[in-house]
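A short write-up of the structure that comes next.
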Amino acid sequence: MADTQQNKPLFGLNIDPSANNLQLAYKLAQIADSAGLDFIGVQDHPYNARFFDTWTLLTFLASRTEHVRLMPNVLNLPLRPPAPLAKAAATLDILSGGRVELGLGAGGYWEGIISYGAVQRSPGEAVAALEEAIAIMRALWRPTPTDQTVNFSGQHYQLVNTHPGPAPAHPIGIWLGALRPKMLRLTGQKADGLLISSSYIPPEDVPRIQQTINEAALQAGRDPLAIRRGYNLMGTITQPGSRPMVARRKGVIIGTTQQWVDELLRYYHELKMDAFFFWPVMGEEEKQSRIFAEEVVPAVLNY
């Protein structure tokens, strides 16, 4: 079903880092792995007392899966300095056999971020720090002679005679959680992928997002197809006999398996989104995820 002018679609499952239900995280990861999905994604809110640490959970899930790729969706950069993060990502990529992709965010819930010891940044400072972080991580991932060091002097981060390595097992893609124009332009200029959520960016708002990224990519001399477009899809897949449900936010999908198939096909062909992460939001996460992986995804791919 892939358009010759588009990347092949990719599919993933959201796994909440809930400290109260580790077994559910394990079951969802197994569903994604056994069904041949492309990703499992875990949100990152370290200041949430009910959540595990995202990176540690991803490492645990990597040890219990074989094929599915692992992605933080998205990491909180103000609480994760880029040089240690680059080391952690490269390490997990090696240990998992090249299965890590890196979702990054500039910072959103500043009250929580500050409570964990970070300094608040203005929107402009947050974007500038993220751009510096991308440059640092890519420099540290680049295979170099063991005696060669990396130096970086930025407004927010500095490296002095830093020894890079080990290099990751594969080129780790950097996907940015982006909403506003500066972040979207940075995505087009520097990133490998975009991550947006349907509950914040409903389908009718996607075209302007795409236009901003495409224009920035072309201005930077990049092919817009080099940038994956990820869509976190919140909702539920209704079944015969299900109680009636109504979405309380724009962009949330409540519908049958066929309605989900139709929506994903529309998002792919008309909106040019090409990576879809399912976030069941009304309970029955294991059952919902299995329906998505075993019924919705194959039907989309068979069109």
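Data overview
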item	result
Sole exception among (1) without any contact (Cβ under 8 Å) to a residue 12 or more places away in the chain; (2) open to solvent by less than 10 Å² (accessible area, probe 1.4 Å) for Ser34, by number	(2)
Filtered residue count, the stretch 84-98, keeping only those that are in contact with a His (Cβ under 8 Å, 6 or more places away or on another chain) and open to solvent by 10 Å² or more (accessible area, probe 1.4 Å)	1
Residue within the stretch 121-141 that is at pLDDT 95 or above, open to solvent by less than 20 Å² (accessible area, probe 1.4 Å) and either of a type in the set (S, T, N, Q) or not in a helix (DSSP H, G or I) (or both) present	no
Residue in the stretch 153-173 that is part of a helix (DSSP H, G or I) and under 19 Å from Gly41 (Cβ atoms) present	no
Filter result (in a helix (DSSP H, G or I) and of a type in the set (Lys, Arg)) within the stretch 12-51	Lys27
Total residues in the stretch 206-223, condition open to solvent by 10 Å² or more (accessible area, probe 1.4 Å) and more than 17 Å from Phe276 (Cα to Cα)	11
Candidates Asn14, Asn48 - the one that is surrounded by fewer than 21 Cβ atoms within 10 Å (Cβ to Cβ), of a type outside the set (Val, Ile, Thr) and in contact with a Gly (Cβ under 8 Å, 6 or more places away or on another chain)	Asn48
Every residue from the stretch 265-293 that is within 15 Å of Ala29 (Cβ to Cβ), part of a helix (DSSP H, G or I) and open to solvent by 10 Å² or more (accessible area, probe 1.4 Å)	Glu285, Glu286, Arg290
Test: residue in the stretch 224-236 that is open to solvent by 10 Å² or more (accessible area, probe 1.4 Å), in a loop (DSSP other than H, G, I, E, B) and at pLDDT 95 or above	no
Any chance Gly103 is touching a Phe, Trp or Tyr at 6+ places or on another chain (Cβ under 6 Å) and either surrounded by fewer than 20 Cβ atoms within 10 Å (Cβ to Cβ) or not in a helix (DSSP H, G or I) (or both)	yes
Test: Val300 is outside any loop (DSSP other than H, G, I, E, B), under 22 Å from Glu204 (Cα atoms), in contact with a Leu (Cβ under 8 Å, 6 or more places away or on another chain) and β-branched (Val, Ile, Thr)	yes
Residue under evaluation Val261, criteria (1) more than 19 Å from Gln43 (Cα to Cα); (2) open to solvent by 10 Å² or more (accessible area, probe 1.4 Å), criterion not met	(2)
Considering residues of the stretch 172-205 that are closer than 18 Å to Met137 by Cα and among the polar types (S, T, N, Q) only, the residue most open to solvent (accessible area, probe 1.4 Å)	Gln189
Count of residues meeting criterion [surrounded by 16 or more Cβ atoms within 10 Å (Cβ to Cβ) and assigned to a helix (DSSP H, G or I)] in the stretch 61-83	7
Residue check for Tyr157: more than 30 Å from Arg229 (Cβ to Cβ), of a type outside the set (S, T, N, Q) and in contact (Cβ under 8 Å) with a residue 40 or more places away in the chain	no
Extreme residue, nearest to Ile196 (Cα to Cα), among residues of the stretch 71-111 that are among the hydrophobic types (A, V, I, L, M, F, W, C) and touching an Asp or Glu at 6+ places or on another chain (Cβ under 7 Å)	Val74
Residue check, Thr144 β-branched (Val, Ile, Thr) and at pLDDT 95 or above	no
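The values are calculated or read from the model by the stated rules, or taken from the named source; none is laboratory data. Since the model is a prediction, treat every value here as computed from it, not as a measurement. Cβ atoms come from the backbone with ideal geometry, glycine included; neighbour counts cover every protein chain shown. Only protein heavy atoms, including side chains, enter the accessible area calculation; ligands, DNA and RNA are left aside. Shrake-Rupley method; radii C 1.70, N 1.55, O 1.52, S 1.80 Å.
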